[in-house]
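The values are calculated or read from the model by the stated rules, or taken from the named source; none is laboratory data. These figures come from a predicted structure and were not determined experimentally. So basically every Cβ, Gly included, is an ideal-geometry build from the backbone, and we count neighbours across all protein chains shown.
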Amino acid sequence: MKVGNQKVVSLTYELRENDAQGALIQKVEKDRPFVYLFGVGGLLPKFEESLDGLSVGDSFSFELSAEDGYGQPTKEAIIDLDKKIFEVEGKVDEELVKIGNQITMQDQDGNPLDGIVLEVTDSTVKMDFNHPLAGMDLHFSGDILDIREASAEEISHGHVHGPHGHHH
Ligand SMILES: [Zn+2]
């Protein structure tokens, strides 16, 4: 069996900045593998493309440019927000609204959006909503541990069920 659409793929990976010698950003090991339903579009397209067709036991190692990763940071993603937004019962939580803190906000559609506090004034809070990996070239390496057919239920839900998957 090969990695492809409607397969449930278990893998380990290391994510490093720039190249194989770059700073380690994330490491997923055998005891808690990354398990996902291939082809549902939840991952970077180039990441899926690079794994397509691999078999159990295969290793992979590839680089994604920032453009194929999380894009370049933009000025538009740095926003001055009215400090009142952060008020709860008329008071701003100074422990939360602090330079360097990550706060989960919502976009216009109600989707969660993480931002980092850059600056706090008397009336505004400047936040950076760029993806933390924006502007970075990414290097992935790892091993394919397991491949199985997705169940009809998994395909209709668009996610994996079972031990490392989604629990209802
Ligand atoms: Zn489900």
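Is one or more of the residues making up the range 80-88 over 30 Å from SER61 (Cβ atoms) and touching a helix residue (DSSP H, G or I) at 6+ places or on another chain (Cβ under 7 Å)? Among the residues of the range 80-88, not one is over 30 Å from SER61 (Cβ atoms) and touching a helix residue (DSSP H, G or I) at 6+ places or on another chain (Cβ under 7 Å), which makes the answer no. Test GLU119 against the stated conditions and say whether it is more than 16 Å from the ligand (Cβ to nearest atom), free of Cβ contacts under 8 Å to residues at least 24 places away in the same chain, among the charged types (D, E, K, R) and assigned to a loop (DSSP other than H, G, I, E, B). So GLU119 does not fit the description; no.
Considering only residues that are within 14 Å of VAL35 (Cα to Cα) and either of a type in the set (Asp, Glu) or within 20 Å of the chain's Cα centre (by Cα) (or both), which ones fall in the range 6-16? Don't jump to the end; show me each part of the working.
Here is the first cut: in the range 6-16, the residues within 14 Å of VAL35 (Cα to Cα) are 6-13.
Correct list: VAL8, VAL9, SER10, LEU11, THR12, TYR13.
Which residue is modelled with the highest pLDDT, if the candidates are limited to the range 126-168 and must be among the polar types (S, T, N, Q) and away from the ligand (no atom under 16 Å from the Cβ)? Result: SER141. All of (1) surrounded by 15 or more Cβ atoms within 10 Å (Cβ to Cβ); (2) without any contact (Cβ under 8 Å) to a residue 12 or more places away in the chain hold for LEU24 with one exception: (1).
Taking the criterion of being of a type in the set (Ser, Thr, Tyr) and either surrounded by fewer than 15 Cβ atoms within 10 Å (Cβ to Cβ) or part of a loop (DSSP other than H, G, I, E, B) (or both), the residues of the range 122-168 that qualify are SER123, SER151, SER156.
Could you tell me which of the residues GLY57, GLY42 is part of a loop (DSSP other than H, G, I, E, B) and more than 23 Å from MET105 (Cβ to Cβ)? Before the answer, list the steps.
Values: GLY42 fails: more than 23 Å from MET105 (Cβ to Cβ).
One residue alone meets the criteria, GLY57.
Of the residues contained in the range 90-104, one or more are found to be more than 17 Å from the chain's Cα centre (by Cα), within 23 Å of ARG16 (Cα to Cα), outside any helix (DSSP H, G or I) and not assigned by TED's automatic domain parsing to the domain that holds LEU145.
The residue that is farthest from GLY135 (Cα to Cα), counting only those in the range 57-109 that are touching a residue at least 60 places away in the same chain (Cβ under 8 Å) and aliphatic (A, V, I, L, M), is LEU64.
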